[in-house]
Amino acid sequence: MKLQGKVAIVTGSARGIGKAYALRLAEEGARIVIADVIDGTGVKEEIEKKGGEAITLHTDVSNEESVKAMAGAAIEQFGRIDILVNNAGLFTPLGKKPFYEISSAEWDRAFAVNVKGYSIAARLYIRK
């Protein structure tokens, strides 16, 4: 239980690699904030079933107000933030196609999540 008493935010943790991060951090004793645009209730229940603590928050990492609300809710619930796993990413919705077939709107959304989103969360984490 190396992380007992710590609070970890894992963006994009409702499925995939983010879910694996959240579950593993919880196994080490961290209280988890499941921050995702999709419902993370299943991950929360899995953590709680094993005796851990978690909350799930609808969070769009490309939106600064959404990330601020996430951080505020984490502090309100757990009193602190110790760990940020900036995992959220947009890949699957783009589908498999040559890069020159990806529309400008798709590029903009991917950039907003995969680059801008990391920056927003990291800046807010550092300022906490």
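The values are calculated or read from the model by the stated rules, or taken from the named source; none is laboratory data. Quantities reported herein were computed from a predicted structural model and do not represent experimental measurements. Glycine gets a Cβ as well: all are built from the backbone with ideal geometry, and neighbour counts include every protein chain shown. The protein model used for the area step is the full one, side chains on, heavy atoms only, and it has no ligands, DNA or RNA in it. Shrake-Rupley method; radii C 1.70, N 1.55, O 1.52, S 1.80 Å.
Odds and ends about this structure:
- Highest average packing first - 9-19, 52-62, 95-105, Cβ atoms within 10 Å: 9-19, 52-62, 95-105
- Karplus 3J(HN,Hα) series, Hz, for the stretch 2-7 with 6.51 cos²θ - 1.76 cosθ + 1.60 (x for Gly, Pro): 5, 10, 3, x, 7, 10
- Sulfur and carbon atoms: percent of accessible area, the stretch 68-128 [1.4 Å]: 59
- For the pair LYS2 and ARG24, the difference between a 0.36 nm per residue extended length and the Cα-Cα distance amounts to 6.8 nm.
- Subset of LYS19/LYS68; LYS96/LYS116; LYS19/LYS50; LYS44/LYS116 violating a 19 Å alpha-carbon distance limit: LYS19/LYS68; LYS96/LYS116; LYS44/LYS116
- Counted charge near THR59, where neighbours are those whose Cβ lies closer than 13 Å (Asp, Glu -1; Lys, Arg +1): -4
- Exposure check, 1.4 Å probe, all protein chains in place: TYR125 carries approximately 70 Å² of accessible surface.
- If the chain linking GLU53 and LYS68 were pulled fully straight, counting 0.36 nm for each residue of separation and taking away their Cα-Cα distance, it would gain 3.3 nm.
- Amide H contacts of ALA54 (H built 1.01 Å from N, under 5 Å, at least 5 apart or other chain): ILE32
- Values of log10 I(q)/I(0) for the chain across q = 0.12, 0.14, 0.19, 0.22 Å⁻¹ run -0.44, -0.58, -0.97, -1.22, by the Debye formula with one identical scatterer at each alpha carbon and no solvent.
- Remark: the Cα gyration tensor places the stretch 1-66 in the prolate category, a/c being 1.5 or greater and a/b exceeding b/c.
- A full extension of the chain between GLU106 and ILE38 corresponds to an added length of 22.6 nm, given 0.36 nm per residue minus the alpha carbon distance.
- The stretch 40-79: C-alpha gyration tensor shape, a/c 1.5 cut-off, then a/b vs b/c: oblate
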